[in-house]
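One structure is given here, and the rest of the page talks about it.
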Amino acid sequence: MKPKERMAIPRHYPKELPPEERITNFKEVTFGFDEETAILEANRCLQCKKPFCIQGCPIHNDIPGFIALLREKKFEEAYWKVRETSTMPSVCSRVCPHEFQCEGACVRGKKGEPVSIGMLERYLTDWMVANGKNMYKECARANGKKVAIIGSGPAGMTVAHLLSHQGYSCTIFEALPIFGGMLSVGIPHYRLPRDIIGAELYALKHCGVDIVYGTTIGRDKILAELKKEGFETAFLGIGAHESRKLGIEGEEDTQGVLHGVDYLRRVLSGEDVTIGNRVVVVGGGNVAIDVARVALRRGSKDVFILYRRTKEEMPASSVEIHHLEEEGVRIEMLAAPVKIHQQDGKMTGVECVRMELGEPDDSGRRRPVVKEGSNFIIEADSIIPAISQKVNHTADKGLQMKIESWGTYRVNPKTLQTSIEWIFAGGDDVLGPQTVAKAIYQGKVAAESMHRYMQGQDLFEGRDLTCYMVDW
Ligand code: SF4
């Protein structure tokens, strides 16, 4: 096929559950491509000599490589091409914000629409499952060395996966009674079906990874004890699960105030959380969008999002914003809460102010400025601020680890070694709230460093560290 013919093929979009059906359940919203569509979409790829898509992917998947195999119908080979660099393509293909990563860098996006890389990756993982193919790599003979991994999110899962496949005995300590960290308690089922997380768990157990649930390191056991128990090294992959507060009157002592990741954790763990019909969600990221969509599915009728900038500045991915609006959630833009009103301790409404956009701030986005005298009240039963998350430092109790001023662990950016030489860290507890692919990438870097550390090798020597200097 000539490049001109490839250029003429329009981008394909997946089928989706209709909005009126979606909001009644937690079924996956987006369907996968069928074979014909996948091959047509793969034919849009120009197999660039300088594939910017690879640079846009935090784990540097060989995207043109797997697409070339896919369009020759070599689906199994194409899947293993992705697995050369990715520990969990079935997760990344569903939850990564592709528009900001691989697809955002795809050359076809310059004059039109990028190749639908995420959906092609998903096609391969779905095809492997549907055809009963082996998706596991061979396990290694045990080498007698023990590794502790704190947290079972994507960074910890990646460290466990890579080190267990090199013969290390890995134990994951998970504070919650369920596996998967933010994948399980932060991402709703309609974006990531739970059998996919279950398959990742099975893959780790298959190679002997031990998982200890309900154990909070720093409270039930401290890291120094693990060292005494023979763990030669530890990885901190505890994520950033603590909600940042709005800091407004009424936030601490009013019934009806919940915070974004706490609400998701409770609902996604199966708790019946009552928040009423009229729900205000504050924030513009994916957590805010998920909270609003989960609230709808849990029966709230009047859900809307309060965001202090405009839709263009929202950090959430455009497909999530699109789904949100299709499902009937209104976005109240250029508005911010200033006070939570209550009667007898129960929330009655939220007082807001109108904003306007001023000069760009450090993030490059225009700074919202309060319009004086613009106060107005929205009647509501609940407010769920979902503005950001920070790291909870229970795990490093008693260790006096170096922490950055914004609360994440200070690490050597090339090796991810913390200020305590036998402890490494990665994922959201180093980066702040970030994407799954970035957490996986840091898991890969940390696993390599931990392996070298346990083998008494130089952490840097002979290692291609240039590719680790990713601009996050
Ligand atoms: Fe294909 Fe886009 Fe990557 Fe080029 S940049 S190789 S067109 S996916």
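The values are calculated or read from the model by the stated rules, or taken from the named source; none is laboratory data. Just so we're clear, the structure is a prediction, and the values are computed from it rather than from any experiment. A quick note on method: Cβ atoms are made from the backbone with ideal geometry, for glycine too, and the neighbour counts reach across all protein chains shown. Note: accessible area is taken over every heavy atom of the protein model, side chains too, but ligands, DNA and RNA are not part of it. Shrake-Rupley method; radii C 1.70, N 1.55, O 1.52, S 1.80 Å.
Values as computed for the structure displayed
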| read-out | value |
| --- | --- |
| Counted charge near ARG410, where neighbours are those whose Cβ lies closer than 14 Å (Asp, Glu -1; Lys, Arg +1) | -2 |
| Prolate/oblate/rounded label for the chain (Cα gyration tensor, a/c 1.5) | oblate |
| Value of relative contact order over segment 165-298, rounded to a whole percent, pairs C-alpha under 8 Å and six or more apart | 29 percent |
| Per residue, in Å², the accessible surface of segment 3-130 once ligands and nucleic acids are set aside, probe 1.4 Å | 46 Å² |
| Per residue value of the accessible surface for segment 246-389 (all protein chains in place, 1.4 Å probe), Å² | 46 Å² |
| Distance (nanometres) between label positions extended 7 Å along Cα→Cβ at ALA140 and TRP406 | 3.4 nm |
| Under Karplus coefficients 6.51, -1.76 and 1.60, residue-wise ³J(HN,Hα) of segment 377-389 in Hz, glycine/proline x | 10, 10, 6, 7, 8, 9, 10, 10, x, 9, 9, 4, 10 |
| Relative contact order computed over the chain (Cα-Cα under 8 Å; 6+ residues apart), in percent | 15 percent |
| Sorted peptide list for 200-210, 354-364, 144-154, criterion being average Cβ within 10 angstrom, highest first | 144-154, 200-210, 354-364 |
| Listed peptides 292-301, 307-316 by packing density, highest first (mean Cβ within 10 Å) | 292-301, 307-316 |
| Candidates per GluC sites (Glu not before Pro) in segment 219-296, loop by DSSP, up to 12 other Cβ within 10 Å | GLU229, GLU252, GLU271 |
| Estimated distance in nm for a label pair at LEU40 and ARG11, the labels positioned 7 Å out from Cα along Cα-to-Cβ | 1.6 nm |
| Accessible carbon and sulfur surface of segment 246-389 relative to its total accessible area, %, 1.4 Å | 43 percent |
| Label point distance in nm, GLU326-VAL369, each placed 7 Å from Cα along Cα→Cβ | 3.9 nm |
| Segment 46-77 and segment 80-124: distance between their alpha carbon centers, rounded to Å | 9 Å |
| Peptide ranges 85-93, 260-268, 28-36 listed from the most packed, as the mean C-beta count within 10 angstrom indicates | 85-93, 260-268, 28-36 |
| Shape category assigned to segment 246-389 from the gyration tensor of Cα positions, a/c cut at 1.5 | oblate |
| With every protein chain in place, segment 3-130: carbon and sulfur % of accessible area (1.4 Å) | 57 percent |
| Percentage relative contact order, segment 3-130, counting C-alpha pairs under 8 Å, at least six apart | 29 percent |
